[in-house]
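Only one structure is covered here, and it is reproduced in the block below.
The numbers here are math on the coordinates, done by the rules we state, and not lab data. The model shown is predicted, which means the values in this text are computed figures rather than measured ones.
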Amino acid sequence: MFPSRQPVTDRSRSGTRSRAALVLLLALGALNLPAPALGAPAGEVTHVSGAVIAQKPDGQSRILGVKSHVDEGDVLATADNSYARVKFTDGGEVVLRPSTQVKIDRFNFEEQKPQGDGMVLSLLKGGMRAVTGLLGRRNPAAVRVATPSATIGIRGTTFTAQMVPAGGSGGLAPGLYVQVIDGLINLTNKGGSQNFSAGQFGYTPNFTQPPVVLPNNPGLQFTPPPAFSAPSGGLVGTVGKTGGLECSI
């Protein structure tokens with residue numbers, strides 16, 4: 001009798017995830033981002049597919065799994081072919097697409113103290129889909145997403161944003177692309193300011209060129225695993241539902 005062996009497919013998948021996590025750890029270590037003050041957890045990971053890493057403000061990194069907490073100051077990063085879904089304490093959600101880095105610059109939410117509201121995310125690379133929570137619905141001016149090409153102002157909405165790197169990707173020119181699924185967002189940079197409403201697509205190549213409305217989908221694709229569209233629990237239970245996430249655009 002021969003001893004039982006772990007299936008090759010399991011070892012291969014485990015090795016692939018480990019290598020992807022190592023690559024993310026090395027990449028995040030090179031960011032050297034400033035460290036803000038840390039407070040209570042900003043949210044919780046509800047779904048993971050592949051390798052996802054969080055780098056703390058002190059430079060330490062950890063692999064994220066379901067129910068891992070994320071905090072103000074964290075940089076969240078997904079590997080190739082990896083997705084992560086994060087639910088914030090105000091009921092808002094983001095789904096990170098593969099090869100994405102997002103920093104939680106600021107998150108301050110107390111249900112009984114709206115005057116202290118504040119949420120700022122930085123989309124450093126890649127793309128995400130976001131659903132506004134209570135914080136953004138009651139105080140939309142306090143929520144924004146910074147990108148290398150424009151600042152996204154939130155007006156109580158569901159939207160996607162994708163940064164296409166220099167050289168282009170998938171037939172798309174470099175720059176920031178957005179799609180509004182529900183509500184309204186505003187893109188602002190040195191070139192100007194433009195509102196985008198439900199059903200519209202937008203684009204700006206860099207921080208000096210004005211954002212423009214595109215006549216149709218330029219070719220954006222965003223298809224997380226089907227499980228990512230299921231309702232999630234986690235840290236939120238009293239501020240109400242934010243709605244489900246579409247699987248693709």
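What the table below lists for this structure:
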read-out: For the range 81-135 versus the range 140-217, the gap between their alpha-carbon centres in whole angstrom; value: 16 Å
read-out: Extension gain (nm, one decimal) between residue 111 and residue 125, 0.36 nm per residue minus Cα-Cα; value: 1.9 nm
read-out: All-pairs alpha carbon distance profile, the range 150-205, 5 Å steps from 0, percent; value: 5, 20, 31, 22, 15, 7, 1
read-out: Eligible aspartates and glutamates near residue 125 by straight Cα distance, threshold 12 Å, same-chain separation 8 or greater; value: none
read-out: The range 137-234: equivalent-ellipsoid semi-axes (sqrt of 5 x gyration tensor eigenvalues, Cα, Å); value: 22, 19, 12
read-out: Cα-based convex hull volume of the range 69-156 per residue, rounded to whole Å³; value: 80 Å³
read-out: Extent along principal axes [Cα atoms of the range 97-147; Å; largest to smallest]; value: 37, 18, 15
